[in-house]
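Structure first, then comments.
The values are calculated or read from the model by the stated rules, or taken from the named source; none is laboratory data. These numbers come from a predicted model, not from an experiment. Neighbour counts are summed over all protein chains in view; Cβ atoms, including those assigned to glycine, are modelled from backbone coordinates with ideal geometry.
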Ligand code: NCD
């Protein structure tokens, strides 16, 4: 493929998204959650469920280990990470691959002026899959461009890029919700935090829009409301969207009708100076007193890390799913990797799914 970087990058934000993201029917560059349609999400969730049950016994675990037999995965994390990094490395190990984690780009030849194009070629000569977290979406697109140009190539999965996207977090959140609620059609979800910069919130909203009759109430500071393009893409998919600035009045009036609340941290690492304090204002904290407004079955999710926005008093709520999310991150990411290498149908069949 001889296509310049700008044209290639633009394909990820327009009608060519699926063409550039899939190869031969399999995901190749997983950079945007909007590349997935409902049937693909359901199939990924079915694969994640199959992997979870195979992993529970010796024979199944041996089958899983064949998926990435003799394959090497580079996990490049140029931003802090606990869950995403560990769950990708664990998913790789469960599938029998070897995981190399690279966190310090200053220990690479970038410091000698090597280009992203050349570096990505070197990585592709040594590895079979790239998992990449980076603060700059452009860096990620440049890597994908190099891999598309070749001669060396490999698939690539975003593990969170800039403020824009975190497709695998969205995937594990959908998996957790589907697993717990049974179905997502007709569900009402509140998404709390700075939805203009929180990539988890954005990716989840996009993936929820793949289901029918979804309602999303965004609760964010006025300056961090979801941007117009995201809102338009949601309403174009039939999502009923509401914007709020305070949790208390919303929950007092409509808490009973909510199926799930997705709480997120303010993304203050993008702020400079004084604004870069950790924590959020009372209007965006899920106060323990709000329990009386919710059904006991209302699911409580958070991508973690949490600061003050989800007090630990919620940890014993019957709908508290945070630790399920963490564990499901392994299965959802393993499912995506298995799908990428074409092993997913075999794994589902092995469990009769
Ligand atoms: C998030 C991230 O890095 O985007 N963490 C995660 O991957 N679970 C959320 C955050 O940092 O707020």
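With respect to residue 131, determine if the residue is surrounded by 21 or more Cβ atoms within 10 Å (Cβ to Cβ) and either touching a residue at least 40 places away in the same chain (Cβ under 8 Å) or within 16 Å of the ligand (Cβ to nearest atom) (or both). So residue 131 passes the test.
Listed by position, the helices (runs of 4 or more DSSP H) inside the stretch 14-124 whose residues that are modelled with pLDDT of 95 or more and closer than 15 Å to residue 335 by Cβ number at least 1 are 38-54, 58-64, 83-94. In the stretch 316-333, the condition of being assigned to a helix (DSSP H, G or I) and more than 16 Å from the ligand (Cβ to nearest atom) is met by at least one residue.
The C-beta contact set for the stretch 258-279 (first residue on the phi > 0 side of the Ramachandran plot, second residue away from the ligand (no atom under 11 Å from the Cβ) and modelled with pLDDT under 95, distance under 8 angstrom, 6+ apart or interchain) comprises 279/308.
Does the stretch 70-93 hold any residues that are farther than 20 Å from residue 154 by Cα and more than 16 Å from the ligand (Cβ to nearest atom), and which are they? Hits for the stretch 70-93: nothing passes.
When residue 250 is tested against (1) free of Cβ contacts under 8 Å to residues at least 24 places away in the same chain; (2) over 30 Å from residue 133 (Cα atoms), only condition (1) is not met. The stretch 198-310 holds strands (runs of 3 or more DSSP E) entirely within its bounds, and those carrying 2 or more residues that are under 22 Å from the mean Cα position of the chain (by Cα) and within 14 Å of the ligand (Cβ to nearest atom) map to 260-263.
A count restricted to the stretch 141-163 and to residues that are modelled with pLDDT under 95 and closer than 14 Å to residue 29 by Cβ stands at 1. The residues on offer are 176, 153, 195, and the sole one that is in a loop (DSSP other than H, G, I, E, B), under 30 Å from residue 220 (Cα atoms) and either out of contact with any strand residue (DSSP E or B) (no Cβ under 9 Å at 6 or more places or on another chain) or within 16 Å of the ligand (Cβ to nearest atom) (or both) is 195.
Among the residues of the stretch 106-116, at least one is more than 23 Å from the chain's Cα centre (by Cα), surrounded by 15 or more Cβ atoms within 10 Å (Cβ to Cβ) and away from the ligand (no atom under 16 Å from the Cβ).
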